[in-house]
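Comments concern the structure below.
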Amino acid sequence: MWRAFCLFLLLAAPARADLVFVLNSGEATISVIDAATRTEIRRQPVLREVHHLVVTPDGSQLVVGDSGGNELIFLDPATGQVLRRERVSNPYHLEFSPDGRFLVVASLRRDQVDIYDAATLALLHRFRQPDKPSHVAFSPDSRWAYVTLQGSGQVAAVDLEARATAWVQDVGPEPAGIIWHRGQLLVGLMGREEFVALDPRTREVRTAFRLGRGAHTIFPAPDGRSLWATSRVDSRLAEVDAATLEVRRVFEIPGGPDCIAFDAEGRLYATLRWVGRLLVLDPRTGEHSTIRVGRSPHGVFAMPRREGLGAAFAFQLPGAASGSRPMREAPPRGLAAVPTDPALPVQPVAGARR
């Protein structure tokens, strides 16, 4: 009887809502959002200025870079609880290598790129990379880290095994977001209107697509069929065909769209940098709304909290084809796959323009 009653309580208990973490760089806080009710349930104070965050290789922690406070903040992604803090020099943008061995940190203010041992956070090497190292991406084999140099209009290729800068390539004014995409690098140029494609073997640079002034960052959708890009100055969000790099849809979103995250259902979250809000968009229908957060929101991460899914689901976005940390191998055993529908057609949406 008691066992049956416990089972009834377990089945009747509501599933925990997903969480969305938003880094408010303008007020030194982290907003924790209940994804079901779309309300802010907590605002966690930090030291000074948080910008970007990344999931640890085992999916157990979120690592937040407080660049102004010179520290990394480790959070439990299921609760938002602060687990520990570590002193690190100016962590602006940070990524773990796909094989989980290295943590690479770009220091925008101090003109340096640091390689840490991912397990111990021991500093292995420091590169001087003028001017303004901004964003980091990797090759799927973890041999190369690619860093945009915002001040000099270049991309630097760092050999992680040799601990040396192999080459530096001009790409255009103020490069920011960068991802590996099907054997090439896609880079947003904040000083112009386009994203460029850089071939890491030949170092050829060509225009990939145009979006608008302040072309900034680009992220792969969970199904791997689309990329989503932002333009901060003209305030646009665009869906891009992953195979052809054709712009499918453009949403005019006031507020300066910046970083993007996806949940396990494919909903898109984007920080609106200039208006202190978080955009929630359903790519299937184009319906969207906003949630009030803190000042100058920047990095964002959606954490699923249901059976079989955890923070490591982000490793599957979407394998070695695209992303700043493309995975050559499957994620850890026991993690459920992100649901996809390869037959889903792309539909025109009211309120969006082609």
Put +1 on the Cβ of each Lys and Arg and -1 on the Cβ of each Asp and Glu in the stretch 75-128; which of Pro77, Phe96, Leu124 then has its Cα farthest toward the positive end of the dipole? Leu124
Given the Cα-Cα distance of Asp58 and Ile41 and 0.36 nm per residue of separation, how much length would full extension add, in nm? 3.5 nm
Once both label points are put 7 Å beyond Cα along the C-beta direction, the Trp274-Arg182 separation in nm becomes 3.3 nm
Have a look at Ser235, Ala208, Leu245 and report the one farthest towards the positive end of the charge dipole of the stretch 205-250, computed about the Cα centre with Cβ charges (Lys/Arg +1, Asp/Glu -1). Ser235
Overall dimensions of the chain as given by Cα atoms, namely Rg and Dmax in Å: 19.5, 72
Where nothing but the Cβ of Lys and Arg (+1) and of Asp and Glu (-1) is charged, how large is the charge dipole of the stretch 164-234 around its Cα centre, in debye to the nearest 20? 100 debye
What number do you get for the stretch 104-185 when its Cα radius of gyration is normalised by 2.2 N^0.38 Å, N = residues? 1.01
For the chain, what is the accessible area per residue in Å², given a 1.4 Å probe and the full set of protein chains? 42 Å²
Kindly provide the helix-only [θ] at 222 nm of the chain, computed as the sum of -39,500 (n - 2.57) over DSSP H runs of four or more divided by all residues, to the nearest 500 deg cm²/dmol? -1000 deg cm²/dmol
Taking 0.36 nm per residue of sequence separation and subtracting the Cα-Cα distance, how much length would be gained by fully extending the chain between Arg16 and Arg295, in nm to one decimal? 97.7 nm
The answer for Ser25, listing residues at least 5 apart or on another chain whose modeled amide H is closer than 5 Å to its amide H, is His298
Would you please classify the overall shape of the stretch 1-160 from the alpha carbon gyration tensor, given that a ≥ b ≥ c denote the square roots of the eigenvalues, rounded means a/c under 1.5, and beyond that prolate means a/b larger than b/c while oblate covers the rest? prolate
Protection proxy (average C-beta count within 10 Å per residue), highest first, orders 285-298, 257-270 as 257-270, 285-298
Separation between the Ser89 and Val168 pseudo-spin-labels, each 7 Å from Cα along Cα→Cβ, expressed in nm? 1.7 nm
Contour minus Cα-Cα distance for Arg213 and Arg101 (0.36 nm per residue): 36.7 nm
Roughly how many percent of the accessible protein surface of the chain is carbon and sulfur, given a 1.4 Å probe and a whole-percent answer? 51 percent
Taking +1 at the Cβ of each Lys and Arg and -1 at the Cβ of each Asp and Glu, which of Leu53, Ile291, Tyr269 sits farthest along the dipole of the chain towards its positive end, judged by Cα position relative to the Cα centre? Ile291
Two pseudo-spin positions, 7 Å from Cα along C-beta at Arg203 and at Val82, lie apart in nanometres by 4.4 nm
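The values are calculated or read from the model by the stated rules, or taken from the named source; none is laboratory data. Since the model is a prediction, treat every value here as computed from it, not as a measurement. All Cβ positions, even for glycine, are placed from backbone atoms using ideal geometry, and neighbour counts span all protein chains on display. Accessible surface areas use protein heavy atoms only, side chains included; no ligands, DNA or RNA. Shrake-Rupley method; radii C 1.70, N 1.55, O 1.52, S 1.80 Å.
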